[in-house]
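Data first, discussion second: the structure below is written as structure tokens.
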Amino acid sequence: LPVQSAITQPRPGAAVPEGELTVKGYAWSGGGREVVRVDVSLDGGRSWQVARLKGERPVPGRAWAWVLWELEAPVT
């Protein structure tokens with residue numbers, strides 16, 4: 001399955017001040033396959049940044065849980 005992902009912070013429509021923004025979310029791949037990377041776009045897909053995966057790495061073939069991710073990014 002393709003990676004399924006959601007952004008949990010900031011909430012949709014939230015006002016975001018200039019400066020450093022923390023974007024958080026979760027991802028799942030399915031079929032026991034590990035999520036190895038999450039790319040995040042903050043400009044409608046013109047550019048992408050790689051988020052940092054959090055938590056312990058699963059045993060290969062046994063990745064049955066959601067993976068949390070986080071991205072620190074400057075916003076103007």
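The values are calculated or read from the model by the stated rules, or taken from the named source; none is laboratory data. This is a predicted model, so every value here is computed, not measured. Note: areas computed on protein heavy atoms with side chains; ligands, DNA, RNA excluded. Shrake-Rupley method; radii C 1.70, N 1.55, O 1.52, S 1.80 Å.
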Over the chain, with neighbouring protein chains present, the accessible area per residue in Å² at probe 1.4 Å is 72 Å²
In whole percent, the fraction of accessible protein surface over segment 3-75 that belongs to carbon or sulfur atoms, probe radius 1.4 Å, stands at 53 percent
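Quick one: length gained pulling Arg37 to Gln49 fully straight, 0.36 nm per residue minus the C-alpha distance? Numbers along the way, then the final one.
Working: separation 12, 0.36 × 12 = 4.32 nm, distance 1.04 nm.
The Arg37-Gln49 span can extend by a further 3.3 nm.
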Taking only the alpha-carbon positions of the chain as identical scatterers, the Debye log10 I(q)/I(0) at q = 0.11 Å⁻¹ comes out as -0.31
Once Thr8 and Thr22 are pulled to full extension, the length gained, defined as 0.36 nm per residue separation minus their Cα-Cα distance, is 4.0 nm
